[in-house]
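**Student:** Here it is: the structure, laid out below.
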Amino acid sequence: MALVNDHLGSDGFLGVSALKLASSPFPLAEKETQTGVSINDNLRLTDQHIQDGLSCLKQLKQGAHHQHVSSEELERKRISRELHDGLGQLLTSMGLHIQRCLDGCDGQKSATQSQQRESLEAVSSMVKQAMSEVRSICSAIRPAILDDLGVIPAISWQCRQITKVCSDTQVVTDFDVDEESIPEDYKSVIYRIVQESLNNAIKYSKAKTITVSLLQAHDAIHLMVIDNGVGFDPSEIQGNLGMGLVGMRERAESVDGRIRIDTGIDQGVQIRASFPLQ
Ligand SMILES: Nc1ncnc2c1ncn2[C@@H]1O[C@H](COP(=O)(O)OP(=O)(O)OP(=O)(O)O)[C@@H](O)[C@H]1O
Ligand SMILES: [Mg+2]
């Protein structure tokens, strides 16, 4: 916008004053007008205005091009986050369920027949969800589960899935917010942050407990996902960040939310995000 305003004439429109001068009825000669300004001076001024106008138009055109490129870039980022957080998490969970069945088949672990059946049922339901995720992404819509269930039941569902498949990990939930008071655009951001936090926790943390809280306080919605696992040294992954943590930050910032990640070796991981309410 600054670009546009910088190039507006004093009358608020590009080059209008220049065109008024150019249509002066005086002949083209180096003679004084009634106001004491020579015609050539007027023409030079007019020419200057026209040059300014043309250069402004060029910049506006470039600006429009950049805007187009950057909105394409944003859309690409959005889709890659959707793929990563949505399908990535489902595939991780499916992998764990399938492994449980394989272990049972090989007799390596004592997964009973009914547990194996439960795992296969979970995989079958996740395949359906993955198909619906793909449809959502293709039609640029937020996760279908949010419309079907709402964000709180959707998070509860995710947590239950983990408890089923990671028998060593307890997932505790604490919700103290009304579904209706969460703005629609926050819901998908919150859901995706929880999804990636849980995904990371089950992949890396070896936590005994993961706590997911969603609360409303002090004119904001507060989300916390806390695990008591192995944690990590942030300085060690600096140059080696995956898409998960970066994506969480980008998602929170996309709705003016704030996110903070605290961790350390053997200190678990605490993810805290807050989203302002009007
Ligand atoms: N809850 C956690 N417990 C222990 N380590 C974690 C946890 N969350 C993240 N990490 C560490 O931080 C790294 C970066 O996480 P991030 O989610 O950004 O990437 P990733 O999971 O490796 O890859 P991607 O998310 O793209 O599949 C991980 O590789 C892991 O070493
Ligand atoms: Mg990750």
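The values are calculated or read from the model by the stated rules, or taken from the named source; none is laboratory data. Remember, it's a predicted structure, so these values are computed and weren't measured experimentally. Please note: Cβ atoms are built from the backbone with ideal geometry, for glycine as well, and neighbour counts cover all protein chains shown. What goes into the accessible areas is simple: the full protein's heavy atoms, side chains included, and nothing from ligands, DNA or RNA. Shrake-Rupley method; radii C 1.70, N 1.55, O 1.52, S 1.80 Å.
**Student:** Once the Cα gyration tensor of region 186-278 is diagonalised, what are the square roots of 5 times its eigenvalues, in whole Å and ordered largest first, as equivalent ellipsoid semi-axes?
**Tutor:** 22, 15, 11
**Student:** Using θ = phi - 60° and the Karplus form 6.51 cos²θ - 1.76 cosθ + 1.60, what ³J(HN,Hα) does each residue of region 187-202 get, whole Hz, x for Gly and Pro?
**Tutor:** Once rounded to whole Hz, the list reads 4, 5, 5, 4, 4, 5, 5, 4, 4, 6, 5, 5, 4, 5, 4, 6.
**Student:** Still on this model: Please give the contour-minus-distance gain from Gln238 to His218: 0.36 nm per residue of separation, less the Cα-Cα distance, rounded to one decimal in nm.
**Tutor:** Taking 0.36 nm per residue and subtracting the Cα distance, the gain is 3.9 nm.
**Student:** For region 166-278, what is the accessible area per residue in Å² when the probe is 1.4 Å?
**Tutor:** Here the residues of region 166-278 average 52 Å² of exposed surface.
**Student:** Enumerate the amide H contacts of Leu277 below 5 Å, restricted to partners 5 or more residues apart or on another chain; note that Pro and chain-start residues carry no placed amide H.
**Tutor:** Ala220, Ile221
**Student:** In addition: Report, to the nearest whole %, how much of the accessible area of region 191-261 belongs to carbon and sulfur atoms, 1.4 Å probe, protein only.
**Tutor:** Exposed carbon and sulfur together represent 49 percent of the surface.
**Student:** Share of antiparallel DSSP beta bridges in region 146-278, in percent to the nearest 5?
**Tutor:** Within region 146-278, antiparallel bridges account for around 75 percent of the total.
**Student:** If I model a spin label at Asp178 and Lys206 as a point 7 Å from the Cα along the Cα→Cβ vector, what separation in nanometres do I get?
**Tutor:** 4.5
**Student:** Right, here's the next one. Translational diffusion coefficient, Stokes-Einstein: compute it for region 94-242 using the Kirkwood radius over C-alpha pairs as Rh, at 4 °C and 1.567 mPa s, and state it as an integer in µm² s⁻¹.
**Tutor:** The estimated diffusion coefficient comes to 76 µm²/s.
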